[in-house]
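K.L.:
Pasting a structure below so you can have a look.
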């Protein structure tokens, strides 16, 4: 292998926004690390609805990408190089991470990661299992722990408990000592109960807003369903959290968006805020941030057996398009993962 080949890697790249056809596998330059970064050889990468939203251009108002862009935010792998200022990790460490959404890059054979975004991989998980965790784990942790401040004995509704985030959030809420209700389709009712949910609503035959009441938190995790649906089940002082929007003025300020975006998102989020305020509750649009420290907390829960990864399917890197298409259907039972170690054609 010549020097030029050693400096190249295979990656799932998009050159522009569009349909699945914009996704291609190319040889690209292997990343060079900065003093505070580590170079990880990626063994597996998690696939998220976010990847499709970026491909379709739906995140353009919030995130400014340059092309070519390597998709993927979740990864698990082995450190092959460390920057001069790295103190927590060494070459050979097995790690996992959630990449900053503005950068992405996990659908590749190597990636440079900031030391603060990395955690040691749970010892009891495979690389594929570990790669399924970071985004759903951090999103759930930040929503329930940091924002809602969920406490033992409180009641939470997790919408779509069989999805990637929903299945993790149900387990996390139970680990935090909450009473957990969730919604799912008929075929998944028993499966979601086995995750630890105290009450499972079959949305095909029941309406949760007619069954539940006096809840402290609603965690809305799924596209295609109105965020404000069922706010009447919240008690005064309750909290509605949403991953799919609408974003509002409060989020715009926290994200450091300019005044024009603050005004626009204030208008976008006006309806949901008004409805939630009417019942004496609070609304928050949740946008995940990488955190190696919080992944470390999640690792403890996983190694203690309180949370288990839920994987629906594993695809090869060569089948990245199929993986993205499968996730886009919105019917996954847990997470979808791409294995970078399967042979490429």
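Throughout, read-outs are computed from the coordinates displayed, never taken from laboratory work. Not measured: the values here are computed from a predicted model. Virtual Cβ from ideal backbone geometry, glycine too; neighbours counted across all protein chains shown.
K.L.:
Could you work out how far apart the two model spin labels at residue 329 and residue 149 are, taking each label as a point 7 Å from the Cα in the direction of the beta carbon, and quote it in nm?
P.N.:
Taking the two extended label points, one gets 4.3 nm.
K.L.:
Continuing with the same structure: Roughly how tilted is helix 259-268, in degrees to the nearest 10 and between 0 and 90, from the longest Cα axis of the chain?
P.N.:
Once rounded, one gets 50 degrees.
K.L.:
A further question on this structure: Considering the Cα trace of the range 111-242, what is its radius of gyration and what is Dmax, both in angstroms?
P.N.:
According to the Cα coordinates of the range 111-242, Rg and Dmax are 15.3, 49 Å.
K.L.:
From the Cα trace of the range 272-345, what convex hull volume per residue do you get, rounded to a whole Å³?
P.N.:
Per residue, the Cα convex hull of the range 272-345 comes to 180 Å³.
K.L.:
Semi-axes of the equivalent ellipsoid of the range 170-285: what are they in whole Å, largest first, if each equals the square root of 5 times a C-alpha gyration tensor eigenvalue?
P.N.:
After scaling each eigenvalue by five and taking roots: 28, 14, 14 Å.
K.L.:
Distance in nm between label sites at residue 306 and residue 84, each 7 Å beyond Cα in the beta-carbon direction?
P.N.:
That separation, rounded to one decimal, is 4.1 nm.
K.L.:
Let me ask something else about it. Consider just the alpha-carbon atoms of the range 29-99 and return their Rg together with their Dmax, both in angstrom.
P.N.:
Values for the range 29-99 (Cα only, Rg and Dmax): 14.2, 39 Å.
K.L.:
What number, in percent, do you get for the relative contact order of the chain if the mean sequence gap of Cα pairs under 8 Å and at least 6 apart is divided by its residue count?
P.N.:
Across the chain, relative contact order equals 19 percent.
K.L.:
Could you order the peptides 38-48, 137-147, 320-330 from most to least packed, using the average number of other C-beta atoms within 10 Å per residue?
P.N.:
38-48, 137-147, 320-330
K.L.:
Give me the number: length gained by fully extending residue 91 to residue 341, i.e. 0.36 nm times residue separation minus the C-alpha to C-alpha distance, one decimal in nm.
P.N.:
Full-extension gain reported as 88.1 nm.
K.L.:
Taking Cα pairs under 8 Å and at least six residues apart, what relative contact order does the range 182-248 come out at, in percent?
P.N.:
27
K.L.:
Here is a follow-up. When the helix-only estimate is applied to the chain (DSSP H runs of n ≥ 4, each -39,500 (n - 2.57), divided by the residue count), what is the mean residue ellipticity at 222 nm, nearest 500 deg cm²/dmol?
P.N.:
Using -39500 (n - 2.57) per qualifying helix, the result is -7000 deg cm²/dmol.
K.L.:
I'd like the distance between the alpha-carbon centres of the range 131-145 and the range 38-115, rounded to an integer number of Å.
P.N.:
16
K.L.:
A further question on this structure: Output the relative contact order of the range 136-285, whole-number percent, from Cα pairs under 8 angstrom with separation of 6+ residues.
P.N.:
Value for the range 136-285: 19 percent.
K.L.:
Rg and Dmax in Å for the range 1-149, alpha carbons only: what are they?
P.N.:
Rg, Dmax (Cα atoms, Å): 15.6, 54.
K.L.:
If packing is taken as the average number of other Cβ atoms within 10 Å across a peptide's residues, how do 56-69, 229-242 rank, most packed first?
P.N.:
Top of the packing list down: 229-242, 56-69.
K.L.:
Starting from 0.36 nm per residue, how many nanometres of slack lie between residue 123 and residue 19 once their C-alpha separation is accounted for?
P.N.:
Here the segment from residue 123 to residue 19 would lengthen by 33.6 nm.
K.L.:
State the volume of the convex hull built on the alpha-carbon positions of the chain, expressed per residue in Å³ and rounded to an integer.
P.N.:
Residue-normalised Cα hull volume stands at 137 Å³.
K.L.:
Please figure out what share of the DSSP beta bridges in the chain is antiparallel and state it in percent, rounded to the nearest 5.
P.N.:
The antiparallel proportion sits near 60 percent.
K.L.:
Between residue 186 and residue 8, what is the spin-label point distance in nm, taking each point 7 Å from the Cα along the Cα→C-beta axis?
P.N.:
About 5.3 nm separates the two model spin labels.
K.L.:
Provide the FRET efficiency to the nearest 0.05 for the residue 213-residue 67 pair, computing r from the beta carbons and using R0 = 51 Å.
P.N.:
Efficiency, from the Cβ-Cβ distance: 0.55.
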